[in-house]
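Read through the structure below, which is laid out as structure tokens, and then see the notes.
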Amino acid sequence: MTHAIRVHQVGGPEVLRWDSIEVGAPGPGQVRLRHTAIGLNFIDTYHRSGLYPLPLPMIPGSEAAGVVEAVGEGVTELKPGDRVGYCSGPVGAYAEERLYPADRLVKLPDWLDERMAAAMLLQGMTARYLLRKTYPVRAGDTVLIHAAAGGVGLIACQWANALGATVIGTVSTPEKAELAKAHGCHHPILYTQEDFVARTRELTGGRGVEVVYDGVGKDTFMGSLDCLRSRGMMVTFGNASGPVPPMPPALLGQKGGLFLTRPSLGHYVASRDELLETATDLFGVVRDGRVKINVHQSFALKDAAEAHRALESRRTTGSTILLP
Ligand SMILES: NC(=O)c1ccc[n+]([C@@H]2O[C@H](COP(=O)([O-])OP(=O)(O)OC[C@H]3O[C@@H](n4cnc5c(N)ncnc54)[C@H](OP(=O)(O)O)[C@@H]3O)[C@@H](O)[C@H]2O)c1
């Protein structure tokens, strides 16, 4: 027997229950993993609340790092004792142990410890596809990143800065503004106090930014469209404040022939080659120091409800991990 956090009915953080579970032996193509660190991500709260529905009961969690304990039939690239991490396969990371498809795992380089891996794989791979694939940032671009002091935000600010962009970022408090600034955000905007559209227009001499990366959703979506230059790219990739309501496509025309996309990490790491290319690029920028990973909060896995409360009440910065 081992333990996991399970959701039997959707709801608030109180539905996260510490249960005993059976894991069993790995089937063909699977490995059995012992987790040493688990990543906390906003998507975990959508699974828990039912915003993104999953069959119940379910174990939440999309990201973890750990050690291979056993391999199933046909698994040739991994062996017991290998250190691995993941962020793009079936949910179920809030567990001490679990089964996982071998072809969705990434081997961890020797220099990368498992806690840092759990803190960066999902948010770092997200920053990577947003900045390098969805709208490839070029030197000289000006980009707007919402929730700049968050998990994805702090990584994206550093990476966009390293690519040569001018980085504008929104944050809710002066402390978060300082933190974003220390991580490559040239112009933090306190969107709880200031009109972020007017300030972005002012910072760009009226022109607007090339791209907005918006993981906040409902509260910022319409304003984000007004921050873009003509033919700019609106990337809506999350709902921290709630889902974006329906919008007529004609609005994109009225606001300057804008492009709009709603991507997920899964769309960019669907093949094993894309997964490895993305991981290699991420490991590269972390190893050479262009992107520093911030494990700013850690909680015992048992206390996942506390971690969810902190994340949803905007009390976290950078990345958060859960320790089994
Ligand atoms: N599509 C994808 O592939 C993908 C992948 C990863 C993450 N995401 C999305 O990216 C966003 C960031 O994820 P994350 O895990 O890195 O979380 P996070 O940014 O660390 O936390 C969310 C942040 O959003 C801001 N926020 C604004 N309004 C909020 C509200 N009403 N309630 C709570 N937070 C609010 C807060 O920053 P301030 O206090 O500074 O406002 C908060 O710290 C989420 O929407 C997530 O779903 C999408």
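The values are calculated or read from the model by the stated rules, or taken from the named source; none is laboratory data. Predicted model only: the values in this text are computed from it and were never measured. Every residue, glycine as well, gets a Cβ built from its backbone with ideal geometry; the counts of neighbours run over all protein chains shown. For the accessible areas, the whole protein counts, side chains as well, though only heavy atoms, and no ligand, DNA or RNA atoms are used. Shrake-Rupley method; radii C 1.70, N 1.55, O 1.52, S 1.80 Å.
Considering only DSSP beta bridges where both residues belong to the chain, give the percentage that are antiparallel (nearest 5). Among the beta bridges of the chain, antiparallel pairing accounts for roughly 55 percent. Here the stretch 131-156 is scanned for amide nitrogen atoms under 16 Å from the site 7 Å beyond the Cα of residue 162 along Cα-to-Cβ, giving 131-133, 137-139, 152-156.
Net length available on complete extension from residue 302 to residue 138 is 54.7 nm, with 0.36 nm assigned per residue and the Cα-Cα distance removed.
Ranking 313, 62 by solvent-accessible area of protein heavy atoms (1.4 Å probe, all protein chains present), from largest to smallest, gives 313, 62. Give the shape of the stretch 242-324 as rounded, prolate or oblate, defined through the alpha-carbon gyration tensor: a ≥ b ≥ c are the square roots of its eigenvalues, a/c under 1.5 means rounded, and otherwise the shape is prolate if a/b is larger than b/c and oblate if not. It comes out oblate by the Cα gyration axes.
When both the stretch 247-324 and the stretch 226-243 are represented by their alpha-carbon centers, they are found 15 Å apart. By its C-alpha gyration tensor, with a ≥ b ≥ c as the square roots of the eigenvalues, how is the stretch 160-271 shaped: rounded for a/c under 1.5, else prolate for a/b larger than b/c, else oblate? Note, shape of the stretch 160-271 comes out rounded. Averaging Cα coordinates gives a centre for the stretch 153-172 and one for the stretch 3-67; these two points are 31 Å apart.
So if we plug the beta-carbon distance of residue 69 and residue 190 into 1/(1 + (r/R0)^6) with R0 = 56 Å, what FRET efficiency do we get, rounded to 0.05? The formula returns an efficiency of 0.75 here.
Within the full protein context, the accessible area of residue 259 is estimated at about 110 Å² for a probe radius of 1.4 Å. Take the Cα of residue 264, go 7 Å toward its beta carbon, and the backbone nitrogen atoms of the stretch 208-232 under 19 Å from that spot belong to 214-218.
For the stretch 169-289, the solvent-accessible area with a 1.4 angstrom probe is 47 square angstrom per residue.
Indicate the gyration tensor shape class of the stretch 37-127 (rounded, prolate or oblate), computed on the Cα atoms with a ≥ b ≥ c the square roots of the eigenvalues: a/c under 1.5 is rounded; otherwise a/b larger than b/c is prolate and the rest oblate. Oblate shape, in that a/c is at least 1.5 and b/c is the bigger or equal ratio. Taking every alpha-carbon pair under 8 Å whose residues sit at least 6 apart, the chain reaches a relative contact order of 17 percent. Near the amide H of residue 165, within less than 5 Å, lie the amide hydrogens of 140, all on another chain or at least 5 residues away, with H placed in the peptide plane. Counted over the stretch 54-204, the DSSP beta bridges are approximately 45% antiparallel. Of the residues 18, 159, 111, the one that moves most in a GNM of the chain with alpha-carbon contacts below 10 Å is 111. Taking the chain, the Cys residues with no second Cys beta-carbon under 4.7 angstrom are 87, 227.
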